[in-house]
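Quick notes on the structure that follows.
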Amino acid sequence: LLFFYQTYVPPTLPAIVFFSRFSFNFFTNTTMTTVNSYALLDGSDVQYPQIKLLQSGSKEVTEGKLQAGTFLETLSGEVFQRLPLIILGVRKEFRVWRDDDKLSKFPEYISNDMKTLRHLDPETGDTIGEQPLQQSEVWLDRKNRKKAKTQYFFLALQPHSKTPVFFRVGGLGFKRARKFLNQARSTGKQLFEFITELSVATEQSQYGSK
């Protein structure tokens, strides 16, 4: 089970700076046109740090390298039991993965704004078709599709770092994330005005541990 704990702090300078720099790019999926030394790199050259919640089926766990229930920062390789973050922004996403035995690099369908559903090429990830999400057969039949997932995408900073990281919460953690967001909104403050700590605990249920 994924837990969110919040501690209010005055907005820090790095949080405000990075929020202003990344929020437009984050919510519009456009590339910012700034003059910098990395301007000639394309998306295939750049890796953004991701926070992964390692579960029993994660590659790092099945290979015996790391333990389930920990957080992995993919770029640095750091592992955390508890992870404090300054959350800069969040959006909701919809994904439908392909019904095959191969580990697909790209989902079959994707919506990053919960408005437009895009059909992706399985080899390149390029858009080969799009339609309004709410009117699509894929969305209307989502409860019957095992590979269909609605999830939250968070953009955040680690308090000791100036590098933004992202993490996704879906599956069993989706309801907890939604509850956390509702509680945060009820305070009347922005997410980046808190230090939010992520942690994981195992709970026994009639279906076993989760």
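The values are calculated or read from the model by the stated rules, or taken from the named source; none is laboratory data. These numbers were taken from a predicted model, which means no experiment stands behind them. Note: ideal-geometry Cβ built from the backbone for every residue, glycine included; neighbour counts use all protein chains shown. With ligands, DNA and RNA removed, areas are computed over all heavy atoms of the protein, side chains included. Shrake-Rupley method; radii C 1.70, N 1.55, O 1.52, S 1.80 Å.
Of all residues in segment 73-93, those satisfying the criterion of being open to solvent by less than 20 Å² (accessible area, probe 1.4 Å) and over 25 Å from ASP113 (Cβ atoms) are GLU73, LEU83. So which residues in segment 135-144 are out of contact with any strand residue (DSSP E or B) (no Cβ under 6 Å at 6 or more places or on another chain) and touching a residue at least 12 places away in the same chain (Cβ under 8 Å), if there are any at all? Within segment 135-144, just TRP139 meets the criteria.
For segment 171-205, enumerate the residues that are among the acidic types (Asp, Glu) and either outside any helix (DSSP H, G or I) or modelled with pLDDT under 85 (or both). The answer is GLU197, GLU203. Of all residues in segment 60-79, those being assigned to a strand (DSSP E or B) and either charged (D, E, K, R) or without any contact (Cβ under 8 Å) to a residue 12 or more places away in the chain (or both) number 1. For segment 157-170, a tally of residues being in a loop (DSSP other than H, G, I, E, B) and of a type outside the set (Ser, Thr, Tyr) returns 5.
Residue by residue, here is whether (1) open to solvent by 30 Å² or more (accessible area, probe 1.4 Å); (2) charged (D, E, K, R); (3) part of a loop (DSSP other than H, G, I, E, B) holds:
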position	(1), (2), (3)
ARG95	no, yes, no
ASP99	yes, yes, yes
PRO107	no, no, yes
ASP113	yes, yes, yes
LEU117	no, no, no
THR124	yes, no, yes
VAL138	no, no, no
LYS143	yes, yes, no
